[in-house]
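Beneath this line is the structure, given in structure tokens, with notes to follow.
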Amino acid sequence: MLSAHGSTSGLTSPARPQPCPSRAATSRFSRHRSIVRADSSNGGSGRQPWDILRFIKTVAYFNELPTPDKVLGNILKQLSPPSQVDSVVPVDLRPQSPSASAAPVVQVPLTGIIMVTGATGGVGRRVVSRLLAAGKHVRALVRDVEKAKSMLSDLHVAAGGKLELAAADVVQRQTLLPEMFEGVRAVVCCTAVKIVPKEGDTADRSKYYQGIKFYDPEVVGDTPEAVEYNGMANLLDAAADSLGVRGGVQLLHHSGGQSVARWGPLDDVVMGGVSTSGLELVGGAGEEGGAAWVFSGNVSTDNFGGFASVRTRNLDPPLDLSPYAGIELRLFGDGQRYKFIIRPDANWDGIAYCSSFDTQPGVWQTIRLPFADFFPVFRAKRVAVGTAGAGAGAAGGVQPLDPASISSIQIMLSKFEYDGQLNPSFRRGPFRLPFSLISTYLPPDVPPRFVHVSSAGVTRPNRPGINPDQEPPAVKLNDALGGILTWKLAGEDALRASGVPYAVVRPTALTEEPGGMPIELDQGDTVKGKISRDDVADLCVALLGCPSAADTTFEIRSTVPFSQPWTGPPAPAAAAADAGAAAPAAAAAAGAPLRDWPATLAAAGLRRGVTGRTVDGVYTGRQVEEEALKAAGVTTSVSAPQPAATPAASA
């Protein structure tokens, strides 16, 4: 027999949702089964015949035999030689010298891998350098590995830092392999269409990079549509699962669909009991008369049982929910206490992680269960973290829940809590718990996880009242350059619609001048001027640790006149006499960043939802787009389609 908290295993679900095993599904065995009566009293246990056929069916449901295709696939995988080309290649770097370690570093309070696209470009290479100097694990997405090695291998790395190269092209979705995004927790996107002077450039592209003198430009290689829009859509599609999205991963949703294909009942029949349950999509059971998934059944304590549950078949591969903070439930309570159970592996009788939750009778409520609150349980007994023994699995003993590898989830109504304690709100007999949603949720105050370097001016083509002759050249040449700004804006829209926490940075003309420029941050896309690539790179890195900047779009420029050369911030001695520069100079001398970026961003008063777009002839300016359009009587806002995290059922 199995315990109430024994683990079950299984293979992948069918391609379309399958009904949970139920009394109806097993009616052909009814002549062999006992009749189970609702037992609504809270008295002691009785005895009823054990339904062995339902036990067998339950075991079979969660332990499917492998299909011939799966068997053949496993054989071919074992016989196939390993690939000679690794998709992710490490790069040996020189350790940072003690003197260099005192240089200004933008700190990034982020664990996990940070992917940088466009890593060999002017801003991208600087971003990689700063992340390595901060001791971060960087994965650079590049088209040419050998070229990238030659350009990046001279960078220094601080303790804990690491550089890897992934050979891919954002224009070609098939090159963005899943393994390239494993462990990635943030993306800094510096990808851009290639622009060159028509008259030609030097080998190091000095004419393009200098950013001050104008050279008649042209696009070479892939088109702006391919790079700026399709490339962004491809990158979001590949990275969304690793970064997390605002809507979370839907484990169960009232709209139905594939998210429920793996669910089935797992009741106390596995230990001789007679309780029954199921999960069914019921019209009218949801909010405002909509549908809801209803977990219902009858819990009996006969035969020393006392629990009913539904759980998913084992997910293959396991779900990586590490971008999220926990599980969110939207349900109609019945006043009882339930358990939410997470299983980290496919073991039939292994460690599970539990969190109990109380429901309020007769009301819809949202319940959040942080992953940090789940604790290990083996056969209904708590297990101390670090303890070895039965069910512990790894040699190091039981560890806290790792949401990076989740094999199954389960919802249970049980007579018992843990360690023999009784559930204080448990009632024998029928129960009914409707769910409109089970999903994951992001941590509160999450910083941007996708920082995108776009361009000032993207909203200006065709804006009412714009005089192209008074705008930067890219605005006037937008059509001649393949709609470069138009497609950059479309790429921004795709990011804003993705659900991934983001920040869109729109620099003015990029120059090779030193960093430390006096800067201005603005919204509404009206500013002109120049900005150092060093300052933009510092900003991109700093944004990864600034929750207040999440889901913002803004421009950055220097207040130094365009025609005035910038040679760097004042020296410490000169700065001492300048109150405005004294703090940055002192910070630089102490090895701190030249600029307090969180304070700078906070002082800018950036507002979420401001894009500066023009919709149906209405320029939204510095207003929140939705508010501006509503005030103008515009009811629709055209934006790119939203990529979504992979549903649990198709993981």
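The values are calculated or read from the model by the stated rules, or taken from the named source; none is laboratory data. Here the structure is a predicted model, which is why all the values come from computation and not from measurement. Backbone-built Cβ (ideal geometry, glycine too); neighbour counts: all protein chains shown.
Scanning the stretch 149-202 for residues that are within 29 Å of the chain's Cα centre (by Cα), among the polar types (S, T, N, Q) and surrounded by fewer than 16 Cβ atoms within 10 Å (Cβ to Cβ) yields 172, 174.
Filtered by the rule that a residue be aliphatic (A, V, I, L, M), closer than 20 Å to residue 537 by Cα and modelled with pLDDT of 85 or more, the stretch 189-234 gives 192, 193, 232.
For (1) within 26 Å of residue 195 (Cβ to Cβ); (2) hydrophobic (A, V, I, L, M, F, W, C); (3) out of contact with any Phe, Trp or Tyr (no Cβ under 7 Å at 6 or more places or on another chain), each residue gets a yes or a no:
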site: 105; (1), (2), (3): no, yes, yes
site: 108; (1), (2), (3): no, yes, yes
site: 119; (1), (2), (3): yes, yes, yes
site: 132; (1), (2), (3): no, yes, yes
site: 141; (1), (2), (3): yes, yes, yes
site: 155; (1), (2), (3): yes, yes, yes
site: 162; (1), (2), (3): no, no, yes
site: 173; (1), (2), (3): yes, no, yes
site: 179; (1), (2), (3): no, no, yes
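Within the set 529, 515, the sole residue that is touching a helix residue (DSSP H, G or I) at 6+ places or on another chain (Cβ under 8 Å) and assigned by TED's automatic domain parsing to the domain that holds residue 597 turns out to be 515. Cβ separations smaller than 8 Å between residues 6+ apart or across chains give the following pairs from the stretch 217-242 residues that are at positive phi to residues that are in a strand (DSSP E or B): 221/194.
I want to confirm something. Restricting to the stretch 290-317 and keeping residues that are part of a loop (DSSP other than H, G, I, E, B) and among the small types (Gly, Ala, Ser), which single residue is nearest to residue 433 (Cα to Cα)? Reasoning before the result, please.
The initial filter retains those residues of the stretch 290-317 that are part of a loop (DSSP other than H, G, I, E, B), namely 290-291, 300-301, 305-306, 313-317.
The next check asks that each one be among the small types (Gly, Ala, Ser); those that pass are 290-291, 300, 305-306.
Numbers: 290: 15, 291: 13, 300: 17, 305: 20, 306: 17 Å.
Selected residue: 291.
The requirement of being closer than 24 Å to residue 364 by Cα, among the small types (Gly, Ala, Ser), at pLDDT 95 or above and assigned by TED's automatic domain parsing to the domain that holds residue 429 is fulfilled nowhere in the stretch 259-271; no residue meets it.
If I ask for residues that are in a strand (DSSP E or B) and either touching a Pro at 6+ places or on another chain (Cβ under 8 Å) or at positive phi (or both), which ones from the stretch 320-341 would you list? Break it down into steps so the answer makes sense when it comes.
Looking only at the stretch 320-341, we keep the residues that are in a strand (DSSP E or B), and these are 326-332, 337-341.
Correct list: 326, 331, 332, 337.
Among the criteria (1) of a type in the set (Val, Ile, Thr); (2) surrounded by fewer than 23 Cβ atoms within 10 Å (Cβ to Cβ); (3) in contact with a Gly (Cβ under 7 Å, 6 or more places away or on another chain), the one residue 527 does not fulfil is (3).
Of the residues making up the stretch 254-271, not a single one is surrounded by fewer than 19 Cβ atoms within 10 Å (Cβ to Cβ), more than 30 Å from residue 384 (Cβ to Cβ), among the hydrophobic types (A, V, I, L, M, F, W, C) and in contact with a His (Cβ under 9 Å, 6 or more places away or on another chain). Would you say residue 496 is modelled with pLDDT of 95 or more and surrounded by fewer than 18 Cβ atoms within 10 Å (Cβ to Cβ)? Here the answer is no, as residue 496 does not meet what is asked.
Among the conditions (1) over 30 Å from residue 506 (Cβ atoms); (2) over 20 Å from the mean Cα position of the chain (by Cα); (3) of a type in the set (A, V, I, L, M, F, W, C); (4) crowded, with 22+ Cβ neighbours inside 10 Å, residue 416 misses just one, which is (4). All told, residue 242 falls short of being modelled with pLDDT under 90 and either more than 20 Å from residue 54 (Cα to Cα) or not assigned by TED's automatic domain parsing to the domain that holds residue 307 (or both).
Note on the stretch 479-512: residues that are closer than 18 Å to residue 212 by Cβ and out of contact with any helix residue (DSSP H, G or I) (no Cβ under 6 Å at 6 or more places or on another chain) amount to 3. When restricted to residues that are under 21 Å from residue 222 (Cα atoms) and out of contact with any strand residue (DSSP E or B) (no Cβ under 9 Å at 6 or more places or on another chain), the stretch 455-475 contains 1.
Could you grab me the full set of residues in the stretch 326-365 that are hydrophobic (A, V, I, L, M, F, W, C), crowded, with 17+ Cβ neighbours inside 10 Å and touching a strand residue (DSSP E or B) at 6+ places or on another chain (Cβ under 6 Å)?
Step one: of the stretch 326-365, the residues hydrophobic (A, V, I, L, M, F, W, C) are 327, 329, 331-332, 340-342, 346, 348, 351-352, 354, 357, 363-364.
In the following step, the residues that additionally are crowded, with 17+ Cβ neighbours inside 10 Å were identified as 327, 329, 331-332, 340-342, 346, 351-352, 354, 357.
Answer for the stretch 326-365, where residues must be hydrophobic (A, V, I, L, M, F, W, C), crowded, with 17+ Cβ neighbours inside 10 Å and touching a strand residue (DSSP E or B) at 6+ places or on another chain (Cβ under 6 Å): 327, 329, 331, 332, 340, 341, 342, 351, 352, 354, 357.
Scanning the stretch 496-533 for residues that are among the small types (Gly, Ala, Ser) and either without any contact (Cβ under 8 Å) to a residue 60 or more places away in the chain or part of a strand (DSSP E or B) (or both) yields 503, 509, 529, 532.
In the stretch 142-253, counting only strands (runs of 3 or more DSSP E) that sit wholly within it, the ones holding 1 or more residues that are farther than 30 Å from residue 486 by Cβ span 162-167, 184-189, 250-253.
Residue 386 meets the conditions (1) in a loop (DSSP other than H, G, I, E, B); (2) buried (at least 20 other Cβ atoms within 10 Å of the Cβ) in every case but one. The failed one is (2).
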